[in-house]
Amino acid sequence: AVLAGGNRIAVETDAGAWEVIGFAEAELVEPGIYRLSRLLRGLSGTDAVIGAVSAGCRVTGVGGRVSAVPVEPGWLGEARGIRVYAGSADLVGQMVSAVTSVAAALPLAPVHLRAARQADGSIGFSWIRRSRADDDAWGIAEPGLDAVPERYRLSVFDGGTTKRVIDTGMAQASYSLAEQVADFGGAATNFSYSVAQVSPVLGAGQAREQSYGG
């Protein structure tokens with residue numbers, strides 16, 4: 001049920017952001033209090049805001065009545081007033097201000113980053129893209145494209161220094177031995193790298209970072 005989108009809550013972090021979490025088990029430990037376990041964190045594109053959560057934080061259920069509100073591209077980055085109603089009996093409603101952050105429209109960070117040394121000395125990278133439209137689907141088919149044409153940006157770092165940026169139109173890239181020698185003076189053995197999907201309108205999206213040692 002969790003993998004199909006059930007049992008989800010939104011938790012407010014200490015930084016004021018909201019993270020969507022799925023839970024597989026709920027144990028009633030005392031009247032009105034449940035212990036949730038076997039968690040899936042950072043769902044619905046909220047993995048970028050995962051952070052510390054203190055006791056007493058606000059939590060709300062995320063059920064079938066929750067839906068995304070489409071926002072025109074021209075509204076991104078602006079504050080808008082929205083009138084909300086507490087059911088059909090509420091004839092007055094309440095005005096709330098919502099800021100439509102550009103971050104909510106950026107491509108999600110890819111997952112399952114892999115890097116392996118090849119026979120010719122190059123390092124091959126691969127990853128799996130994500131799609132906001134698929135809402136954390138767990139099927140075997142590749143998720144749909146949020147940004148067309150398909151583009152990715154792989155960045156190689158030595159500490160805090162960017163050594164190389166590789167743009168590619170596929171969910172894979174190659175870091176040749178000659179490029180490694182130019183960047184590190186020899187075969188690169190320890191470095192970090194990140195991968196981000198690139199929107200032709202908004203630019204690079206959320207990046208996933210990982211270390212390589214080999």
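Restricting attention to the range 109-141, the residues that are touching a Ser or Thr at 6+ places or on another chain (Cβ under 9 Å) and at pLDDT below 90 total 4.
Just for the range 8-39: of the residues that are open to solvent by 60 Å² or more (accessible area, probe 1.4 Å) and among the charged types (D, E, K, R), which one is nearest to VAL102 (Cα to Cα)? Taking the candidates together, the pick is ASP14. I'd like to know if the range 78-97 contains one or more residues that are within 27 Å of GLN206 (Cβ to Cβ), of a type outside the set (S, T, N, Q), out of contact with any strand residue (DSSP E or B) (no Cβ under 9 Å at 6 or more places or on another chain) and surrounded by 11 or more Cβ atoms within 10 Å (Cβ to Cβ). No, the range 78-97 contains no residue that is within 27 Å of GLN206 (Cβ to Cβ), of a type outside the set (S, T, N, Q), out of contact with any strand residue (DSSP E or B) (no Cβ under 9 Å at 6 or more places or on another chain) and surrounded by 11 or more Cβ atoms within 10 Å (Cβ to Cβ).
Residues checked against (1) touching a strand residue (DSSP E or B) at 6+ places or on another chain (Cβ under 9 Å); (2) touching a residue at least 12 places away in the same chain (Cβ under 8 Å); (3) surrounded by 14 or more Cβ atoms within 10 Å (Cβ to Cβ); (4) among the hydrophobic types (A, V, I, L, M, F, W, C):
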| residue | (1), (2), (3), (4) |
| --- | --- |
| SER155 | yes, yes, yes, no |
| THR162 | yes, no, no, no |
| ALA187 | yes, yes, no, yes |
| SER199 | yes, yes, yes, no |
| ARG208 | yes, yes, yes, no |
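For the subset of the range 154-208 comprising residues that are part of a strand (DSSP E or B) and of a type in the set (Asp, Glu), which member is nearest to PRO107 (Cα to Cα)? Here the residue is ASP167. No other residue among GLY42, GLY5 is at pLDDT below 90, open to solvent by less than 70 Å² (accessible area, probe 1.4 Å) and part of a strand (DSSP E or B) apart from GLY42.
The criterion of at least 1 residues that are of a type in the set (S, T, N, Q) and in contact (Cβ under 8 Å) with a residue 40 or more places away in the chain is met by the following strands (runs of 3 or more DSSP E) wholly inside the range 56-151: 59-62, 123-128.
The values are calculated or read from the model by the stated rules, or taken from the named source; none is laboratory data. Nothing here was measured: the structure is a model prediction, and the numbers come from that model. For neighbour counting, all protein chains shown are included, and Cβ atoms are generated from backbone atoms with ideal geometry for every residue, glycine included. Note: areas computed on protein heavy atoms with side chains; ligands, DNA, RNA excluded. Shrake-Rupley method; radii C 1.70, N 1.55, O 1.52, S 1.80 Å.
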